[in-house]
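**Q** This structure is in structure tokens; I'll ask about it shortly.
The values are calculated or read from the model by the stated rules, or taken from the named source; none is laboratory data. Please read these numbers as outputs of a predicted model, since none were measured by experiment. No Cβ is skipped: glycine too gets one built from the backbone with ideal geometry, and neighbour counts run over all protein chains shown.
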Amino acid sequence: MRNIVIIGSDSYLANGIDKQFGQANISFLEFNTWQQNVDLMKQADYVICFAIHPDFMKRDMDCSEVLDTQIATAIKDSNAKYVFMSSRKVYGTTNDCVVHKEMDKAEGFDFYSINKVKVEKELYKILGDRLLILRIANILGEPVQRTGYKTFIGWICENYIQTGKLIVTQNADAIKDFIPKSFLHHAIASLIENNVTGTYNISSGLGTSVEKVLAGYVGKENLILQGNDKEKQDQFVLNNEKLLKATGLSISEDDIDKYLLQCRKILDKYRTMI
């Protein structure tokens, strides 16, 4: 039975992941309790960290400040493998819809992506072939009933639940790579089950318009499209051939459509409760 330690138990992305691991022994830790549980992490097969420093998006951080590198250093003299939640943003941003492979150059364009690139390199220095880096596409998550939740899904839910409409100021025709949160969980579990390390894109490998995604959540009739700046549309797709080869996992447009339909039903139910 595999031993898996997950740090960041209250993280939105971590919520529900334990259901994917079958008979594995799962231990959840808060981000501020890991130092009291180093021995537990050293005995794990994999350590996964969903927590993030509050300044990660605000400034260029030294690697020694970052939770991931601190944890990696603490488990360096064990056999535990480490899963780093990286981002598609390490490939930069472009108006062209570029398909990125894992061997493409990683270069950040904002504090968040710059820090991700630096930490990826530092973790490889610390852990070598005991590291699994996940460069994750845009996440489609289940609706939430909370305000001030500064994420893509938080913005959708807060506006639609309160007003029944969604004002879109970005280019709705921009093409991006989207995956449901459940697919991310399935991919992590499958990679761990196959004892995989290295760098992997976690993506659909498909290009889906922002408008289609938003319409899936709230209905096309409830979108108010105001964005028209074609110079700032940030388009991308992540090649997922490496993930498919390692796990056999793939996802289709139909799978994404079904997921969005489920989400819309939940959102509409939330609206009836206000």
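**Q** Can residue 234 be described as surrounded by 14 or more Cβ atoms within 10 Å (Cβ to Cβ), out of contact with any Leu (no Cβ under 6 Å at 6 or more places or on another chain), at pLDDT below 95 and of a type outside the set (Phe, Trp, Tyr)?
**A** It is true that residue 234 is surrounded by 14 or more Cβ atoms within 10 Å (Cβ to Cβ), out of contact with any Leu (no Cβ under 6 Å at 6 or more places or on another chain), at pLDDT below 95 and of a type outside the set (Phe, Trp, Tyr).
**Q** Let me ask something else. Given the criteria modelled with pLDDT under 95, in a helix (DSSP H, G or I) and among the aliphatic types (A, V, I, L, M), does residue 167 qualify?
**A** no
**Q** Of the residues in the stretch 62-71, how many are under 20 Å from the mean Cα position of the chain (by Cα) and either surrounded by fewer than 19 Cβ atoms within 10 Å (Cβ to Cβ) or hydrophobic (A, V, I, L, M, F, W, C) (or both)?
**A** Qualifying residue count for the region: 3.
**Q** What residue, of 163, 247, 151, 197, is of a type in the set (S, T, N, Q) and free of Cβ contacts under 8 Å to residues at least 60 places away in the same chain? Please lay out each step first, then the result.
**A** On the way: 247 fails: free of Cβ contacts under 8 Å to residues at least 60 places away in the same chain; 151 fails: free of Cβ contacts under 8 Å to residues at least 60 places away in the same chain; 197 fails: free of Cβ contacts under 8 Å to residues at least 60 places away in the same chain.
Result: 163 is the single residue among 163, 247, 151, 197 that is of a type in the set (S, T, N, Q) and free of Cβ contacts under 8 Å to residues at least 60 places away in the same chain.
**Q** Here is a follow-up. For the stretch 192-235, how many residues are within 25 Å of residue 106 (Cα to Cα) and touching a Ser or Thr at 6+ places or on another chain (Cβ under 6 Å)?
**A** Total meeting the criteria: 1.
**Q** Let me ask another. Looking at residue 61 and the list (1) assigned to a loop (DSSP other than H, G, I, E, B); (2) under 14 Å from residue 198 (Cα atoms); (3) among the hydrophobic types (A, V, I, L, M, F, W, C), which single condition is not satisfied?
**A** Among (1) assigned to a loop (DSSP other than H, G, I, E, B); (2) under 14 Å from residue 198 (Cα atoms); (3) among the hydrophobic types (A, V, I, L, M, F, W, C), the lone unmet condition for residue 61 is (2).
**Q** Then there's this: I'd like to verify a number: residues in the stretch 91-123 that are free of Cβ contacts under 8 Å to residues at least 60 places away in the same chain and either of a type in the set (S, T, N, Q) or out of contact with any strand residue (DSSP E or B) (no Cβ under 6 Å at 6 or more places or on another chain) (or both), how many?
**A** The qualifying residues number 19.
**Q** In contact with a Lys or Arg (Cβ under 7 Å, 6 or more places away or on another chain), surrounded by fewer than 16 Cβ atoms within 10 Å (Cβ to Cβ) and in a helix (DSSP H, G or I) - does that describe any residue in the stretch 91-111?
**A** Yes: one or more hits.
**Q** Inspect the stretch 197-204 for any residue being more than 23 Å from residue 247 (Cα to Cα) and not in a strand (DSSP E or B) and give the result as yes or no.
**A** no
**Q** Moving to a separate point now. Can you name the number of the only condition in (1) modelled with pLDDT of 95 or more; (2) in a loop (DSSP other than H, G, I, E, B) that residue 189 fails?
**A** That leaves (2) as the condition not met.
**Q** When the stretch 25-39 is examined, which residues are found to be at pLDDT below 90 and farther than 27 Å from residue 143 by Cβ?
**A** Across the stretch 25-39, the qualifying residue is only 32.
**Q** Quick check, is residue 59 buried (at least 16 other Cβ atoms within 10 Å of the Cβ), of a type in the set (D, E, K, R) and either touching a strand residue (DSSP E or B) at 6+ places or on another chain (Cβ under 9 Å) or modelled with pLDDT of 95 or more (or both)?
**A** No.
**Q** While we're looking at this one, here's another question. Can you tell me which residues in the stretch 21-42 are part of a strand (DSSP E or B) and under 17 Å from residue 10 (Cβ atoms)?
**A** Step one: list which residues in the stretch 21-42 are part of a strand (DSSP E or B), which gives 25-29.
Scanning the stretch 21-42 gives 26, 27, 28, 29.
**Q** May I pose another question? Taking the residues in the stretch 246-274 that are at pLDDT 95 or above and not in a helix (DSSP H, G or I) as candidates, determine which candidate is surrounded by the most Cβ atoms within 10 Å (Cβ to Cβ).
**A** 251
**Q** Any residue that is without any contact (Cβ under 8 Å) to a residue 40 or more places away in the chain, closer than 28 Å to residue 169 by Cβ and surrounded by fewer than 16 Cβ atoms within 10 Å (Cβ to Cβ) - is there at least one of those in the stretch 208-217?
**A** no
**Q** Restricting to the stretch 38-56, give me the number of residues that are under 13 Å from residue 5 (Cα atoms) and surrounded by fewer than 17 Cβ atoms within 10 Å (Cβ to Cβ).
**A** Counting residues in the stretch 38-56 that are under 13 Å from residue 5 (Cα atoms) and surrounded by fewer than 17 Cβ atoms within 10 Å (Cβ to Cβ) gives 6.
**Q** Among the numbered criteria (1) under 21 Å from residue 185 (Cβ atoms); (2) of a type outside the set (Lys, Arg); (3) in the same structural domain as residue 268 (by TED's automatic domain parsing), which one does residue 132 miss?
**A** Every condition holds for residue 132 apart from (3).
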